[in-house]
Each structure stands twice: as structure tokens, then as C-alpha cells.
Amino acid sequence: MNRRYVLGAIGSLTSIGTLAYATRDPVEAIEVRVWLSDRAAEYDAVETRVLEYVNRLLDFEFWTVDASFGGVVSVSTEDGAVVSTSGEWPLAVTSGTIGSSDLDPATDVNLLVTDGQMKYAPTGYGFPHVASVGGARYLGSLEPFDELVGSGPDGAVKRRIVPLTSSTRTMQVLLHEVGHALGLHHDHGVAFRYGDAVVATPMISTYAFDPDYEVDRSRCGTSYPDTSGRERKLSLAFSNCARRELSSYSGGLRLRRGDEESGFEW
């Protein structure tokens, strides 16, 4: 599936002008809150799987993770990107931040999961502290973490290598948008050879398999391998390059008037 890499101002999202980073250095714990749209909540196990994977895959030596469920919210669209690019989800987070709604935002990541399609880009959107993604039906059918990740050889387990399926790709896109919410960019991801396969980590994800993707190496200098004729797999673990960036994270959600934040489209 072809995708376009877009990095720039949200523009029309007037609500973003009220959201910004607050410095709280050093960060020893991060707070992630997950909400489901009405339709996403109809699938069994979505809440459980998302919290399970987020807690396990964001658990690094430099911080602890508090991932919690915020509840079910009604939205006008199930599109995992449009619900944010239209301003609807950011406005809901902003309203909760200023106390004008019952929504209780987290300090670091506020993630909305919808039942949006995962076939045509964009399927999600992430920018500082706010993210959204579709694919609830696929997340609901994902195996428990230990069954999926703990079933391979030791090397694969350590690198969280999984087959490329609709469910695993949706979870990786979710992690991708969470990464954007924490300040990561696409080139914080890496791709590497593992046996006869090429494996892509969350921030580069399946851009690594797109011949039209113009970047040939990560921000940390790791070259992306040629994927021609090779099996494609995913890693659910953030790369060392991404982890180094996350280790310096010192942000938090606060209010700011008049400025716009940068956005990252999947």
C-alpha cells in the first residue's frame, strides 16, 4: 500500500493552538490514556489488547508507563485520521484539559481508537500528546501479547518480530501514532534483515517496503535494506534510535494560546 510522508502544520485545527509541551525534566513516568469510539467498543478485547501492548512495548528502563482506559466517546466519523485532522478529537482533548467536558486527558498521550479502515492511507494521525487510529476490528482479533510475541526464537522475541498481518500492522500503526505523540519522526524507525526477511520497526513501518519512499537511512544513520524479493515482517519494538530520543523526552500536556503545533500524518 502506498503512503505519503507528510510533516507540517495542522493548519485548520484551531484547537491545536491551545496545546503544547510543558517541561518536567527528568521524566520518570509517562501517562497514556486510551479511548474507544462507539463502534470500536463493539469489538471484544480491543481495550484489553491495546492497554496490554502499550504497557509492554513502552516499558523502558528510563521510565514507567501508566496506561489506562478513558472510556467510550461519540465521534462523527470512524476515520482514524479525519477524526483528528478535522479537529474533532484534538478539540475534545482540549475541552477536557480546560475542564469544559468530562473527558480527562492524560499528560503524555491521548489515543483514540476507532473502527476506521486500514487499507487506504491515511489510517491514523499523531502530533504532540494527541493521536488517533482506526482498525478496532483488527485489534480485537489480535492474540494476547505473550502468545504472539513469545512464540518465536529468542532473537525474534527480543526484537518483538511478528508476521505482517492486518492485526499486527494495525497494532504497529497504533504504536507509530503513539510515537508521534511522544515526539518521534518516521526516520527514528529502522528496517533490518532477519534471516530471509526484512523487518520494519514502528516509526518507519511499511514505508520500508515502499519503493517510492525517498529516505534511505534512519536519523541515526542506519541504512534501510533492499526489500526486493524478501519476506516482509514487522517489529513491534521501537528501534534503538527511537528509544534514545524517547529517553530525552521531557514534555507534558498544558495550554498555550495562539500557536500551532506540528502534525504527522500516517
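The values are calculated or read from the model by the stated rules, or taken from the named source; none is laboratory data. These numbers come from a predicted model, not from an experiment. Glycine also receives a Cβ, built like all others from the backbone with ideal geometry; neighbour counts cover every protein chain displayed.
At least 3 residues being modelled with pLDDT under 95 and either touching a Pro at 6+ places or on another chain (Cβ under 7 Å) or closer than 30 Å to residue 107 by Cβ (or both) is the threshold, and among the strands (runs of 3 or more DSSP E) wholly inside the stretch 170-266 those reaching it are 253-255, 262-265. Would a scan of the stretch 147-159 turn up a residue that is in contact (Cβ under 8 Å) with a residue 24 or more places away in the chain, under 13 Å from the mean Cα position of the chain (by Cα) and farther than 20 Å from residue 45 by Cβ? No, every residue in the stretch 147-159 fails to be in contact (Cβ under 8 Å) with a residue 24 or more places away in the chain, under 13 Å from the mean Cα position of the chain (by Cα) and farther than 20 Å from residue 45 by Cβ.
For the stretch 205-217, check the following and say yes or no: at least one residue is within 22 Å of residue 32 (Cβ to Cβ), buried (at least 21 other Cβ atoms within 10 Å of the Cβ) and touching a residue at least 12 places away in the same chain (Cβ under 8 Å). Yes, the stretch 205-217 has at least one match.
For the stretch 117-146, filtered to residues that are outside any helix (DSSP H, G or I) and touching a Lys or Arg at 6+ places or on another chain (Cβ under 6 Å), the residue that is farthest from residue 43 (Cα to Cα) is 121. Scanning the stretch 24-35 for residues that are touching a Ser or Thr at 6+ places or on another chain (Cβ under 8 Å) and closer than 15 Å to residue 70 by Cα yields a total of 4.
Just the residues that are in a loop (DSSP other than H, G, I, E, B) and of a type in the set (Val, Ile, Thr), please, taken from the stretch 87-116. Explain how you work it out, then say what you get.
From the stretch 87-116, those in a loop (DSSP other than H, G, I, E, B) are 87, 98-108, 114-116; that's our starting set.
Selection gives 98, 107, 114.
Taking the criterion of being within 13 Å of residue 234 (Cα to Cα) and either of a type in the set (A, V, I, L, M) or out of contact with any strand residue (DSSP E or B) (no Cβ under 6 Å at 6 or more places or on another chain) (or both), the residues of the stretch 179-193 that qualify are 189, 190, 191, 193. Applying the criterion of being free of Cβ contacts under 8 Å to residues at least 40 places away in the same chain and surrounded by 20 or more Cβ atoms within 10 Å (Cβ to Cβ) to the residues of the stretch 57-81, the residue that is nearest to residue 129 (Cα to Cα) is 67.
Does residue 59 meet the test of being of a type in the set (Asp, Glu), modelled with pLDDT of 95 or more and more than 15 Å from the chain's Cα centre (by Cα)?
On the way: of a type in the set (Asp, Glu): yes; modelled with pLDDT of 95 or more: yes; more than 15 Å from the chain's Cα centre (by Cα): no.
Here the answer is no, as residue 59 does not meet what is asked.
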